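Notes follow the structure.
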């Protein structure tokens, strides 16, 4: 039973079918003729054909247009398509077969972006890993996907070799370096127990046909953020990526005039989907390796990018850097997702003149579900806007957000289904839809605290704490309590410009919160612990707070 349902006007009755083009604009790619049919008119199942990816389509439609700018080099769509083909054929020669996984440990750049399309062309799924993960987490991730090949850049060659060597299993995985291994390892060759390594230099072009994915073949395996528990790997298909790219392109009005800075890791759904949607729109992707504030600042000051995608932590650091504004007129959108943006951060960004867009999404939905473009964020700060085209959103009676559409993945990798029997995915997020059909996300169902029989939503407590002028950021968790079942505990980061007094914070909470919702344990830290995706690590917070004493 649901209380509210919303979707874009054309998301069901007029939402483009699998043979529809990407839109009516001359700048978008008509890929309809290359979709594999699902069923004939009489309902009989037909075999799906491989589908053309956005790089191949771009190479056909505008071969000379720049697809990727890496600072030192620029690749046209033709160049990127050729690089993806060469790498795909090398993967096949290394033993990659349809249905295999190819892991990758490399930041966004020419080799990594080529790998996004090379692995599926070889019939495999790309499984990027974040270098920010701990080694134990990386070993677990490799064991879960069992890759035939591990791709890496020269900077991560030693790490890749160590991880594959430690995994054992008879050395089934090979390490392939996307660049000169000599630059990273001198003349050293893999020692005993290590698999062979290769690099991409000298891979000759070849016209032999490649397997290529059908719409429902898995092309990427991406881990969820796992902020409150164990991370899960989502199996995403070409259909998921196409639906997501089409919807975001329409909402943000993307075109060939745009340049996206690839600021997020390709191991983050926001990073991989960003690249795919930009290339689908005929835009340019700007890469500068792993994210650095200095590199982003240079690009912004030079007017070299029109779109930037950030998590709130990155946005906060950008604002703290005190860059001169107004920014270049070329900057059209600063997309913020990956975690709830604190209201004070949104206010700072808007007052600084940033064209802020707020988005709500998840790995299971191949990135965005709803997005508020800059004009809406200025009018209604805090909302994530209406559902994207092709997405249906409803809020169940218990307040849980549920979504369905072509961008929702079918299953977790080596796990259970993601959506229910009617296609609805229960997100675990809490929210509401206002009278305009705009979505407001209020918290996580799993984080709900029950203290003395009273339901407490951490997001509401965090908003109250963050409203105090001496608090820059706040995070709330529940701790076991012998009398109340759970008690509210909070960590706060003080504002640079204000002196923080803990008793003043408690007084502030007594004025605005009921007894059950008031933090009974309060800890002040210089910054909140975060995971590689930039989200608050609440498991670490709870462990840290469990040693505090209630006031």
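The values are calculated or read from the model by the stated rules, or taken from the named source; none is laboratory data. Keep in mind that this is a model prediction, so the values were computed, not measured. All Cβ positions, even for glycine, are placed from backbone atoms using ideal geometry, and neighbour counts span all protein chains on display.
Quick rundown of the values:
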item	result
Yes/no for residue 489 being over 16 Å from residue 454 (Cβ atoms) and at pLDDT 90 or above	no
Which numbered condition residue 376 misses (of (1) under 19 Å from residue 241 (Cβ atoms); (2) more than 20 Å from the chain's Cα centre (by Cα); (3) modelled with pLDDT of 95 or more)	(1)
Residues located in region 62-83, provided they are out of contact with any strand residue (DSSP E or B) (no Cβ under 6 Å at 6 or more places or on another chain), assigned to a helix (DSSP H, G or I) and crowded, with 18+ Cβ neighbours inside 10 Å	79, 81, 83
Selection from region 328-358 of residues that are in contact with a strand residue (DSSP E or B) (Cβ under 7 Å, 6 or more places away or on another chain), in a loop (DSSP other than H, G, I, E, B) and modelled with pLDDT of 90 or more	332, 354, 355
Qualifying residue in region 392-401 (condition: part of a loop (DSSP other than H, G, I, E, B) and surrounded by fewer than 16 Cβ atoms within 10 Å (Cβ to Cβ))	yes
Residue in region 364-378 that is over 21 Å from residue 535 (Cβ atoms), touching a residue at least 60 places away in the same chain (Cβ under 8 Å) and assigned to a helix (DSSP H, G or I) present	yes
Residues that are crowded, with 20+ Cβ neighbours inside 10 Å and not in a loop (DSSP other than H, G, I, E, B), drawn from region 51-61	54, 55, 56, 57, 58, 59
Lone qualifier among 361, 382 - being touching a helix residue (DSSP H, G or I) at 6+ places or on another chain (Cβ under 9 Å), assigned to a loop (DSSP other than H, G, I, E, B) and under 25 Å from residue 532 (Cα atoms)	382
Condition broken by residue 279, with the remaining ones in (1) modelled with pLDDT of 95 or more; (2) assigned to a loop (DSSP other than H, G, I, E, B); (3) within 25 Å of residue 129 (Cα to Cα) satisfied	(2)
Residues that are touching a strand residue (DSSP E or B) at 6+ places or on another chain (Cβ under 8 Å), surrounded by 15 or more Cβ atoms within 10 Å (Cβ to Cβ) and touching a residue at least 60 places away in the same chain (Cβ under 8 Å), drawn from region 490-539	516, 517, 530, 536, 537, 538
